[in-house]
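Worksheet: the structure to be examined is printed underneath.
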Amino acid sequence: SVPFLVRLFPVVLTKFVFLNFLAFPFFVDLRQPALLLNNTVSLYLTTEPGVTVGIWHTVPGSRGAEAGGKEQSWYEEALADAHPVIIYLHGNGGTR
């Protein structure tokens, strides 16, 4: 019966393969990354009208002491310096 249901409802297969309806770790507010990761802040970029992309900006460990206790504006200014930026695309899970 499972192959028949998958053939009839292909969306079911994608839900169970990718499990994008689950948020792991459970009961964690991913909009506040500082609770999980040191020297990390949540930012939002507007790429085009009506489209906003959420990002986390994490400074490297070598700048960790400098980033301690800084406001969001410090992290935004740190993006403009000469250090390289690594972009990690997490996929279609819906969470960071």
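The numbers here are math on the coordinates, done by the rules we state, and not lab data. Just so you know, these numbers come straight off a predicted model, no measurement behind them. No Cβ is skipped: glycine too gets one built from the backbone with ideal geometry, and neighbour counts run over all protein chains shown.
Within the range 1-56, the set of residues being part of a helix (DSSP H, G or I) and within 30 Å of TYR75 (Cα to Cα) comprises PRO33, ALA34, LEU35. Residue count for the range 57-89 satisfying the condition of being out of contact with any Leu (no Cβ under 9 Å at 6 or more places or on another chain), touching a residue at least 24 places away in the same chain (Cβ under 8 Å) and not in a loop (DSSP other than H, G, I, E, B): 3.
Taking each residue of the range 39-51 that is in contact (Cβ under 8 Å) with a residue 12 or more places away in the chain and looking for partners that are part of a loop (DSSP other than H, G, I, E, B) and acidic (Asp, Glu) with beta-carbon atoms closer than 9 Å, six or more apart or interchain, yields VAL41/GLU71.
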